[in-house]
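Worksheet: the structure to be examined is printed underneath.
What follows is calculated from the coordinates using simple rules that are stated; it is not laboratory data. This is a predicted model, so every value here is computed, not measured. Positions of Cβ are generated from backbone atoms using ideal geometry, with glycine treated the same way; all protein chains shown enter the neighbour counts.
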Ligand SMILES: [Zn+2]
């Protein structure tokens, strides 16, 4: 976060304070344009629909917008995604500079630095939506399943990634789930739960209705996302393709 000190100062001064800003329809990523969790989610679905259908607009990627957001940011969504190279957030949601606050780790595992980054976006920048983004055939989940199956721990710090996925494997085993992609869905839901359990700051924002946490599973081949968990639960419904395109 190379802009952290400046942005915190700006948010504190009120110049870009998202709490006092008025949302401007159609400009969810524009500085000062705070929107609701539902509106932010609709923007993500709309962008993903454009990506899936091969009609991307590549918004907010021009030099003019780069200059416009240089003095501050007001991203409308936090993406806590897997580091997989095929899961580039701005591409699959067809967004640009200043739109998405992205934190990625292998298997979207969430340690203190990840939670601190999310809390920064939600409380300082006023971002109204947190998305946990997993995907089919996730290598981190596969590695954890393989390690559990053989009883062998991976070398180095990769062990921390595997250990973070183990509780999700236990949840899957309790339910008799064995396929990797079904385990991925469970791991996404477990990550949503874990974030809210370990971050009272985030949980308070959700309880107050200022933020929502949604877990999505991405299909590597088709490019679409599917919601597998949400808090509040009302955010768990995926739009129809026609609604997403609207
Ligand atoms: Zn992955």
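Percent of Cα-Cα pairs more than 28 Å apart in the stretch 102-246, please.
20
Looking at the stretch 151-203 from every direction and averaging, what is the projected area of its Cα convex hull in nm²?
Mean projected area of the Cα convex hull: 4.5 nm².
Mind pulling the angle between the C-alpha long axis of helix 158-174 and the longest principal axis of the chain? Nearest 10 degrees, somewhere in 0 to 90.
Roughly 70 degrees, rounded to the nearest 10.
In whole Å, largest first, what are the principal axis extents of the Cα atoms in the stretch 71-120?
28, 26, 14
Taking springs between alpha-carbon atoms closer than 10 angstrom, which of 35, 190, 82 fluctuates most in the Gaussian network model of the chain?
190
How are the C-alpha pair distances of the chain spread across 5 Å bins, as whole percents from the shortest bin up?
1, 7, 14, 18, 19, 16, 12, 7, 4, 2, 0, 0
Relative contact order, percent, of the chain when contacts are C-alpha pairs under 8 Å separated by at least 6 residues?
Computed value for the chain: 20 percent relative contact order.
Taking springs between alpha-carbon atoms closer than 10 angstrom, which of 150, 55, 36 fluctuates most in the Gaussian network model of the chain?
150
Normalising by the residue count of the stretch 176-246, find the relative contact order in percent from Cα pairs under 8 Å and 6+ residues apart.
Values: 64 pairs, mean separation 17.3, N = 71.
The normalised contact order for the stretch 176-246 reaches 24 percent.
Run lengths n ≥ 4 of DSSP H only: what is the helix-derived mean residue ellipticity at 222 nm for the chain, with -39500 (n - 2.57) per run over all residues, to the nearest 500?
Taken over the chain, the calculation gives -12500 deg cm²/dmol.
In the P(r) worked out for the stretch 36-167, what percent of Cα pairs fall beyond 22 Å?
Tail of the P(r) past 22 Å holds 45 percent of the pairs.
Sequence gap at least 6, Cα distance under 8 Å: using those rules, report the relative contact order of the stretch 56-191 to the nearest whole percent.
Once divided by the residue count of the stretch 56-191, the mean separation gives 24 percent.
Starting from a Cα-only point model with no solvent, please compute log10 I(q)/I(0) by Debye for the stretch 197-236 at q = 0.27 1/Å.
One equal scatterer on each Cα of the stretch 197-236 leads to -0.86.
Provide 227, 53, 191 in ascending order of the number of other Cβ atoms located within 10 Å of each residue's Cβ, fewest first.
So the ranking, lowest neighbour count to highest, is 53, 227, 191.
Points 7 angstrom from Cα along the Cβ direction at residue 61 and residue 166: gap in nanometres?
Taking the simple label geometry, residue 61 and residue 166 are separated by 4.2 nm.
Multiply the residue separation of residue 38 and residue 221 by 0.36 nm, subtract the distance between their alpha-carbon atoms, and state the gained length in nm to one decimal.
So the extension gain works out to 63.2 nm.
Give me log10 I(q)/I(0) at q = 0.13, 0.14 Å⁻¹ for the stretch 102-172, Debye formula, one equal scatterer per alpha-carbon, no solvent.
Here log10 of I(q) over I(0) equals -0.44, -0.50.
Given a 10 angstrom Cα cut-off, can you work out which residue in 77, 89, 236 is the most mobile in a GNM of the chain?
In this elastic network of the chain, the residue with the biggest mean-square fluctuation among 77, 89, 236 is 236.
Just the Cα atoms of the stretch 45-90: what Rg and Dmax do they give in Å?
Computed over the Cα atoms of the stretch 45-90, radius of gyration and Dmax are 12.7, 34 Å.
When a footprinting reagent is the concern and you count Cβ atoms within 10 Å, what order do 76, 51 take, fewest first?
51, 76
Counting other beta carbons within 10 Å of each residue's own, what order do 169, 129, 100 fall into, fewest first? Don't skip to the answer; put the middle values down first.
Working: 169 21, 129 29, 100 25.
Exposure proxy ranking, most exposed first: 169, 100, 129.
I need two numbers for the stretch 171-233: Rg to one decimal and Dmax as a whole number, Cα atoms only, in Å.
Looking at the stretch 171-233, its Cα Rg and Dmax stand at 13.3, 37 Å.
If the stretch 29-108 were replaced by its equivalent ellipsoid, with semi-axes equal to the square roots of 5 times the Cα gyration tensor eigenvalues, what would those be, largest first, whole Å?
Calculated on Cα positions only, the semi-axes equal 19, 15, 14 Å.
Distance in nm between label sites at residue 182 and residue 91, each 7 Å beyond Cα in the beta-carbon direction?
3.1
Give the calculated FRET efficiency between residue 246 and residue 113 to the nearest 0.05, with a Förster radius of 41 Å applied to their Cβ-Cβ distance.
For residue 246 and residue 113, the calculated efficiency is 0.65.
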